[in-house]
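Below: one structure, written as structure tokens.
The values are calculated or read from the model by the stated rules, or taken from the named source; none is laboratory data. Please read all numbers here as calculations on a predicted model, not as lab measurements. Cβ: placed from backbone, ideal geometry, glycine included. Neighbour counts: every protein chain shown.
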Amino acid sequence: MPATFESHDSQRSTGQDDLDLVSRARGGDAAAFELIMRRHNRLLFRAARGIVADDAEAQDVVQDAYLRAFTGLDSYRGDAALGTWLARIAINVALDVQRRKGRTVPIDDSPEMNDEPAAEHAMSFVDTHAEGPDAAAERGQLRALLQAAIERLPPIYRSVFMLRAVEERSVEETAFCLGVSADVVKTRYLRARALLRDALGAQLEAHANEVFAFAGERCDAVVNHVIAALQERGLIRPR
């Protein structure tokens, strides 16, 4: 059963808030590092999960992405939102992981895939219109069906759908995270929606922002792992 992830604080931060947090983190403030992670854990997990096909592997990517970002905080200038900047790093780490395993993930501006998804990505139509006595249970079933359908998307489309629909990021933010043009994002998002709509019908996106949540236990594990590593590297002042 896929793990669920839920951030303690999924609210968008302001540009000044980002800069203040980064400034505190550069000074070794452990609380600032922790707040950054808890605010952006879910985004980074979902961004990574758009590339890799395993929850545990995505969690490792998130941890490595934070370490890469936190040891290079001087390169953050606030040109993009902190979460967007971190998500791009997480995607690059995920792509590095896939390349090391000999897996090709063509998410750049290369020509689009014109053929239908391979057999392992095939999806059958599921009728989600039947009303049951327990609405919450029905929504839970729909989320499970949607998550399974998203997982079957090829990464070239899953990575875009995760950011656009699941995380509700703009076309421009998604393009920045993936290192592609806005037109590529629009094209791939439409293709991903078409593939999912074929499988799930008209209720495709009603619950999209509820899937791939970031549960407290895994959230705490990421925070504790990265804080310990930063302390070992002398980047955090003792409390």
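Provide a single number: the residues in the stretch 153-178 that are more than 20 Å from residue 53 (Cα to Cα), of a type outside the set (Asp, Glu) and in a loop (DSSP other than H, G, I, E, B). Reasoning before the result, please.
Restricting attention to the stretch 153-178, the residues satisfying the condition of being more than 20 Å from residue 53 (Cα to Cα) are 168-173, 175-176.
Still in the running and of a type outside the set (Asp, Glu): 169-171, 175-176.
If we keep only those that are in a loop (DSSP other than H, G, I, E, B) too, we end up with 169-170.
Matching residues across the stretch 153-178 total 2.
Sort out which residues of the stretch 37-95 are under 15 Å from residue 227 (Cα atoms) and acidic (Asp, Glu), and write them in order of number.
Those that are under 15 Å from residue 227 (Cα atoms) and acidic (Asp, Glu): 60, 64.
What are the pairs with Cβ atoms under 9 angstrom where one residue, in the stretch 214-239, is outside any helix (DSSP H, G or I) and the other, located anywhere, is among the hydroxyl-bearing types (Ser, Thr, Tyr)? Sequence gap at least six, or different chains.
That search, which allows pairs on different chains as well, returns 214/4; 214/7; 214/10; 215/4; 233/71; 235/71.
It is to be established whether one or more residues within the stretch 75-82 are closer than 12 Å to residue 94 by Cα and within 18 Å of the chain's Cα centre (by Cα). Quick ask: steps written out before the conclusion?
Filtering the stretch 75-82 for residues closer than 12 Å to residue 94 by Cα gives none.
No, every residue in the stretch 75-82 fails to be closer than 12 Å to residue 94 by Cα and within 18 Å of the chain's Cα centre (by Cα).
Restricting to the stretch 52-79, count the residues that are hydrophobic (A, V, I, L, M, F, W, C), in contact with a Lys or Arg (Cβ under 8 Å, 6 or more places away or on another chain) and closer than 29 Å to residue 188 by Cα.
In the first step, residues of the stretch 52-79 are kept if they are hydrophobic (A, V, I, L, M, F, W, C); the result is 52-53, 56, 58, 61-62, 65, 67, 69-70, 73.
Checking which are in contact with a Lys or Arg (Cβ under 8 Å, 6 or more places away or on another chain) leaves us with 58, 73.
Imposing the further condition that a residue be closer than 29 Å to residue 188 by Cα reduces the set to 58.
Of the residues in that region, 1 qualify.
Which one of 96, 64, 54 is in contact with a helix residue (DSSP H, G or I) (Cβ under 8 Å, 6 or more places away or on another chain) and farther than 16 Å from residue 174 by Cβ? Working first, answer last.
Working: 96 fails: in contact with a helix residue (DSSP H, G or I) (Cβ under 8 Å, 6 or more places away or on another chain); 54 fails: in contact with a helix residue (DSSP H, G or I) (Cβ under 8 Å, 6 or more places away or on another chain).
Residue meeting the stated conditions: 64.
Taking the stretch 191-212, which residues are surrounded by fewer than 19 Cβ atoms within 10 Å (Cβ to Cβ), under 17 Å from residue 140 (Cβ atoms) and either basic (Lys, Arg) or modelled with pLDDT of 70 or more (or both)?
Within the stretch 191-212, 209, 210 qualify.
For the stretch 53-69, how many residues are buried (at least 23 other Cβ atoms within 10 Å of the Cβ) and not hydroxyl-bearing (Ser, Thr, Tyr)? Even if it seems obvious, please write down each step before you answer.
From the stretch 53-69, those buried (at least 23 other Cβ atoms within 10 Å of the Cβ) are 58-59, 61-62, 65-66, 69; that's our starting set.
With not hydroxyl-bearing (Ser, Thr, Tyr) added as a condition, the list becomes 58-59, 61-62, 65, 69.
Summing the residues that are buried (at least 23 other Cβ atoms within 10 Å of the Cβ) and not hydroxyl-bearing (Ser, Thr, Tyr) in the stretch 53-69 gives 6.
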